[in-house]
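Okay, so here's the structure we're looking at.
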Amino acid sequence: AQSVTQPDIHITVSEGASLELRCNYSYGATPYLFWYVQSPGQGLQLLLKYFSGDTLVQGIKGFEAEFKRSQSSFNLRKPSVHWSDAAEYFCAVAPGNAGNMLTFGGGTRLMVKP
Amino acid sequence: GAGVSQSPSNKVTEKGKDVELRCDPISGHTALYWYRQRLGQGLEFLIYFQGNSAPDKSGLPSDRFSAERTGESVSTLTIQRTQQEDSAVYLCASSLLGGPRNEQFFGPGTRLTVL
(Lines give C-alpha, C1' and ligand atoms only; values in the text may rest on other atoms or scores of the structure.)
Protein backbone atom coordinates (compact mmCIF):
# COMPACT_ATOMS: atom_id res chain seq x y z
CA ALA A 1 0.00 0.00 0.00
CA GLN A 2 1.14 3.48 -0.70
CA SER A 3 2.03 5.87 2.09
CA VAL A 4 3.13 9.46 2.47
CA THR A 5 5.37 10.88 5.19
CA GLN A 6 5.78 14.50 6.06
CA PRO A 7 8.55 14.44 8.67
CA ASP A 8 8.02 17.97 9.96
CA ILE A 9 4.85 18.52 11.92
CA HIS A 10 5.55 22.21 12.56
CA ILE A 11 7.88 24.64 10.84
CA THR A 12 8.44 28.29 11.68
CA VAL A 13 10.19 30.62 9.26
CA SER A 14 10.69 34.36 9.15
CA GLU A 15 8.88 36.39 6.55
CA GLY A 16 11.06 36.73 3.49
CA ALA A 17 13.04 33.59 4.25
CA SER A 18 13.07 30.57 1.97
CA LEU A 19 10.97 27.52 2.70
CA GLU A 20 11.25 23.80 2.04
CA LEU A 21 8.63 21.31 3.20
CA ARG A 22 9.59 17.68 2.97
CA CYS A 23 7.50 14.84 1.58
CA ASN A 24 8.49 11.22 1.12
CA TYR A 25 6.30 8.56 -0.39
CA SER A 26 6.30 4.82 -0.55
CA TYR A 27 4.99 3.27 -3.72
CA GLY A 28 6.24 0.69 -6.16
CA ALA A 29 5.86 2.72 -9.31
CA THR A 30 5.87 6.42 -10.07
CA PRO A 31 2.74 7.84 -8.53
CA TYR A 32 0.95 11.06 -9.18
CA LEU A 33 2.04 13.62 -6.56
CA PHE A 34 0.24 16.65 -5.18
CA TRP A 35 0.63 19.45 -2.69
CA TYR A 36 -2.43 21.02 -1.07
CA VAL A 37 -2.72 23.98 1.30
CA GLN A 38 -5.35 24.33 3.99
CA SER A 39 -5.74 27.82 5.39
CA PRO A 40 -7.67 28.42 8.62
CA GLY A 41 -11.38 28.26 7.99
CA GLN A 42 -10.93 27.37 4.34
CA GLY A 43 -11.03 24.21 2.30
CA LEU A 44 -8.03 22.51 0.78
CA GLN A 45 -6.60 24.17 -2.31
CA LEU A 46 -4.34 22.49 -4.84
CA LEU A 47 -0.93 24.15 -5.08
CA LEU A 48 0.67 21.96 -7.71
CA LYS A 49 0.83 18.45 -9.11
CA TYR A 50 3.24 16.10 -10.84
CA PHE A 51 2.26 13.38 -13.26
CA SER A 52 5.26 12.91 -15.51
CA GLY A 53 7.90 14.80 -17.46
CA ASP A 54 9.86 17.70 -16.04
CA THR A 55 10.62 16.89 -12.43
CA LEU A 56 10.45 20.53 -11.33
CA VAL A 57 6.88 21.74 -11.29
CA GLN A 58 5.60 25.23 -10.74
CA GLY A 59 2.42 25.93 -8.84
CA ILE A 60 0.31 28.80 -7.66
CA LYS A 61 1.35 31.45 -5.14
CA GLY A 62 5.03 31.16 -6.10
CA PHE A 63 5.45 27.55 -4.93
CA GLU A 64 7.42 24.87 -6.72
CA ALA A 65 8.20 21.23 -6.03
CA GLU A 66 10.80 18.81 -7.28
CA PHE A 67 10.23 15.11 -7.84
CA LYS A 68 13.30 13.02 -7.02
CA ARG A 69 12.72 9.39 -7.89
CA SER A 70 15.96 8.20 -6.28
CA GLN A 71 14.90 9.68 -2.95
CA SER A 72 11.14 9.01 -3.28
CA SER A 73 10.64 12.64 -2.42
CA PHE A 74 8.52 15.54 -3.61
CA ASN A 75 9.59 18.53 -1.54
CA LEU A 76 7.77 21.84 -1.72
CA ARG A 77 9.75 25.07 -1.93
CA LYS A 78 9.23 28.80 -1.97
CA PRO A 79 12.08 31.29 -2.26
CA SER A 80 10.52 34.01 -0.09
CA VAL A 81 7.71 33.34 2.35
CA HIS A 82 4.90 35.83 2.96
CA TRP A 83 2.88 36.08 6.16
CA SER A 84 -0.18 34.92 4.23
CA ASP A 85 1.54 31.58 3.58
CA ALA A 86 0.91 30.53 7.18
CA ALA A 87 -1.27 27.45 6.84
CA GLU A 88 -1.17 23.66 6.88
CA TYR A 89 0.37 21.93 3.91
CA PHE A 90 -0.43 18.41 2.80
CA CYS A 91 1.43 16.20 0.40
CA ALA A 92 -0.67 13.54 -1.34
CA VAL A 93 -0.09 10.65 -3.70
CA ALA A 94 -2.29 8.69 -6.07
CA PRO A 95 -1.34 5.54 -7.94
CA GLY A 96 -0.53 6.51 -11.50
CA ASN A 97 -3.23 5.46 -13.95
CA ALA A 98 -4.97 3.26 -11.42
CA GLY A 99 -7.15 3.82 -8.42
CA ASN A 100 -9.09 6.88 -7.56
CA MET A 101 -8.30 8.06 -4.09
CA LEU A 102 -5.56 10.30 -2.78
CA THR A 103 -3.40 9.19 0.13
CA PHE A 104 -2.39 12.15 2.26
CA GLY A 105 0.53 12.79 4.55
CA GLY A 106 -0.05 14.00 8.08
CA GLY A 107 0.53 17.61 7.17
CA THR A 108 3.05 20.31 8.09
CA ARG A 109 1.87 23.41 9.87
CA LEU A 110 3.76 26.50 8.74
CA MET A 111 4.05 29.53 10.96
CA VAL A 112 5.56 32.77 9.66
CA LYS A 113 7.33 35.18 11.98
CA PRO A 114 7.20 38.89 11.14
CA GLY B 1 -19.94 29.83 -9.64
CA ALA B 2 -20.45 28.05 -6.33
CA GLY B 3 -17.87 25.64 -5.08
CA VAL B 4 -18.45 22.46 -3.12
CA SER B 5 -20.74 23.08 -0.19
CA GLN B 6 -21.30 20.95 2.88
CA SER B 7 -23.86 21.01 5.63
CA PRO B 8 -24.00 21.33 8.50
CA SER B 9 -20.73 23.10 9.15
CA ASN B 10 -20.73 21.81 12.71
CA LYS B 11 -22.55 18.89 14.29
CA VAL B 12 -22.49 17.88 17.92
CA THR B 13 -24.15 14.60 18.77
CA GLU B 14 -24.35 12.09 21.54
CA LYS B 15 -22.70 8.71 21.39
CA GLY B 16 -25.01 6.17 19.84
CA LYS B 17 -27.02 8.62 17.71
CA ASP B 18 -27.09 8.55 13.91
CA VAL B 19 -25.89 11.53 11.88
CA GLU B 20 -26.24 12.58 8.24
CA LEU B 21 -23.76 14.83 6.52
CA ARG B 22 -24.54 16.45 3.19
CA CYS B 23 -22.36 17.40 0.26
CA ASP B 24 -23.35 19.48 -2.77
CA PRO B 25 -20.69 19.08 -5.46
CA ILE B 26 -19.85 21.57 -8.16
CA SER B 27 -22.48 21.38 -10.86
CA GLY B 28 -21.40 19.10 -13.70
CA HIS B 29 -18.77 17.26 -11.70
CA THR B 30 -19.19 13.53 -12.17
CA ALA B 31 -16.86 12.36 -9.41
CA LEU B 32 -17.39 12.84 -5.69
CA TYR B 33 -15.15 11.85 -2.79
CA TRP B 34 -15.57 11.73 0.98
CA TYR B 35 -12.56 12.03 3.31
CA ARG B 36 -12.16 12.14 7.07
CA GLN B 37 -9.62 14.34 8.84
CA ARG B 38 -8.98 13.57 12.47
CA LEU B 39 -7.47 16.28 14.64
CA GLY B 40 -3.85 16.89 13.73
CA GLN B 41 -3.82 14.25 11.00
CA GLY B 42 -4.02 14.02 7.26
CA LEU B 43 -7.06 13.11 5.26
CA GLU B 44 -8.27 9.52 5.08
CA PHE B 45 -10.18 8.41 2.00
CA LEU B 46 -13.65 7.04 2.75
CA ILE B 47 -15.66 6.56 -0.44
CA TYR B 48 -15.69 7.56 -4.12
CA PHE B 49 -18.60 7.96 -6.55
CA GLN B 50 -18.16 8.20 -10.31
CA GLY B 51 -21.21 8.69 -12.47
CA ASN B 52 -23.48 5.68 -12.35
CA SER B 53 -20.70 3.22 -11.52
CA ALA B 54 -20.70 1.25 -8.29
CA PRO B 55 -19.03 3.35 -5.59
CA ASP B 56 -15.55 2.54 -4.29
CA LYS B 57 -16.25 1.92 -0.61
CA SER B 58 -12.80 0.60 0.23
CA GLY B 59 -12.05 3.36 2.74
CA LEU B 60 -15.15 3.07 4.91
CA PRO B 61 -13.88 2.15 8.40
CA SER B 62 -16.86 0.08 9.51
CA ASP B 63 -20.37 -0.95 8.51
CA ARG B 64 -21.70 1.93 10.58
CA PHE B 65 -20.62 4.22 7.74
CA SER B 66 -22.57 4.44 4.50
CA ALA B 67 -23.00 6.98 1.73
CA GLU B 68 -25.36 7.59 -1.12
CA ARG B 69 -25.32 9.76 -4.17
CA THR B 70 -28.23 10.31 -6.51
CA GLY B 71 -26.97 10.63 -10.06
CA GLU B 72 -24.36 13.35 -10.25
CA SER B 73 -25.80 15.51 -7.52
CA VAL B 74 -26.00 15.62 -3.78
CA SER B 75 -24.35 13.00 -1.60
CA THR B 76 -25.08 12.11 2.01
CA LEU B 77 -22.71 10.35 4.38
CA THR B 78 -24.48 8.55 7.21
CA ILE B 79 -22.83 7.39 10.39
CA GLN B 80 -24.97 5.10 12.52
CA ARG B 81 -24.53 4.59 16.26
CA THR B 82 -21.81 7.22 16.45
CA GLN B 83 -18.76 6.62 18.61
CA GLN B 84 -16.35 9.14 20.10
CA GLU B 85 -13.64 8.03 17.68
CA ASP B 86 -15.88 9.24 14.84
CA SER B 87 -15.19 12.82 15.92
CA ALA B 88 -13.41 14.46 13.00
CA VAL B 89 -13.85 16.86 10.13
CA TYR B 90 -15.56 15.18 7.19
CA LEU B 91 -14.53 16.64 3.85
CA CYS B 92 -16.19 16.23 0.51
CA ALA B 93 -14.51 16.84 -2.83
CA SER B 94 -15.68 16.74 -6.42
CA SER B 95 -13.92 16.62 -9.74
CA LEU B 96 -15.06 17.06 -13.31
CA LEU B 97 -14.11 13.51 -14.18
CA GLY B 98 -12.94 10.58 -12.11
CA GLY B 99 -9.38 9.50 -11.63
CA PRO B 100 -6.38 11.13 -10.00
CA ARG B 101 -5.45 13.32 -12.99
CA ASN B 102 -8.54 15.43 -12.42
CA GLU B 103 -8.26 18.12 -9.75
CA GLN B 104 -10.39 17.55 -6.70
CA PHE B 105 -12.13 20.63 -5.33
CA PHE B 106 -12.79 20.44 -1.62
CA GLY B 107 -15.65 21.74 0.45
CA PRO B 108 -15.16 23.46 3.82
CA GLY B 109 -16.00 20.31 5.75
CA THR B 110 -18.37 19.30 8.52
CA ARG B 111 -16.87 19.20 11.98
CA LEU B 112 -18.46 16.30 13.87
CA THR B 113 -18.14 16.07 17.62
CA VAL B 114 -19.43 12.97 19.38
CA LEU B 115 -19.88 13.43 23.11
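The values are calculated or read from the model by the stated rules, or taken from the named source; none is laboratory data. Only a predicted model underlies this, so the values are computations on that prediction, with no experimental measurement involved. Positions of Cβ are generated from backbone atoms using ideal geometry, with glycine treated the same way; all protein chains shown enter the neighbour counts. Just the protein is used for accessible areas: all its heavy atoms, side chains included, with ligands, DNA and RNA removed. Shrake-Rupley method; radii C 1.70, N 1.55, O 1.52, S 1.80 Å.
Counting Lys and Arg as +1 and Asp and Glu as -1, what is the net charge of the other residues whose Cβ lies under 13 Å from the Cβ of A:Ser84?
Counting the neighbours of A:Ser84, the net charge comes to 0.
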Computed label-point distance, nm, for sites A:Arg109 and B:Lys57 using a 7 Å Cα→Cβ extension: 3.6
How well do other chains shield peptide B:105-113, expressed as the mean number of their Cβ atoms within 10 Å of each residue Cβ? 2
Cα centroid separation, region A:1-51 to region B:32-88 (Å): 23
Direction-averaged shadow area of the convex hull around the Cα atoms of chain B, nm²? 6.7
Give the total of Lys-Lys pairs in the protein assembly as shown with Cα-Cα distances below 22 Å; include a pair only if its members are 8 or more places apart or on different chains. 7
With a 1.4 Å probe on protein heavy atoms only, work out how much accessible surface A and B bury together, total over both chains, in Å² to the nearest 100. 1600
Environment charge of A:Ser26, counting only residues whose C-beta is closer than 15 Å and scoring Lys/Arg +1, Asp/Glu -1: +3
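Rounded to whole Å and sorted largest first, what semi-axes of the equivalent ellipsoid does the C-alpha gyration tensor of region B:1-65 yield via the square root of 5 times each eigenvalue?
21, 17, 13
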How much accessible area per residue does region B:15-97 have, in Å², with a 1.4 Å probe? 46
A:Thr5 versus B:Leu96: modelled label distance in nm, points set 7 Å from Cα along the beta carbon direction: 3.7
In nm, spacing of pseudo-spin labels at A:Ser84 and B:Ser5 (7 Å Cα→C-beta vector): 2.6
Just to be sure I follow: if Rg is taken over the C-alpha atoms of chain A and Rh is the Kirkwood radius over the same atoms, what is Rg/Rh? 0.96
What net charge is computed for the residues neighbouring B:Gln6, neighbours being all others with C-beta under 11 Å from the C-beta of B:Gln6, Lys and Arg scored +1, Asp and Glu -1? +2
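So, with a 1.4 angstrom probe, what is the percent of accessible area on chain A that is carbon and sulfur?
Roughly 49 percent of what the probe reaches on chain A is carbon or sulfur.
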For the protein assembly as shown, what log10 I(q)/I(0) values come out of the Debye formula at q = 0.17 1/Å, with one point per alpha carbon and no solvent? -1.25
I need to check one value: relative contact order of chain A, counting alpha carbon pairs closer than 8 Å and at least 6 residues apart, in percent. 38
Hey, what's region A:37-83 come to in accessible area per residue, 1.4 Å probe, Å²? 54
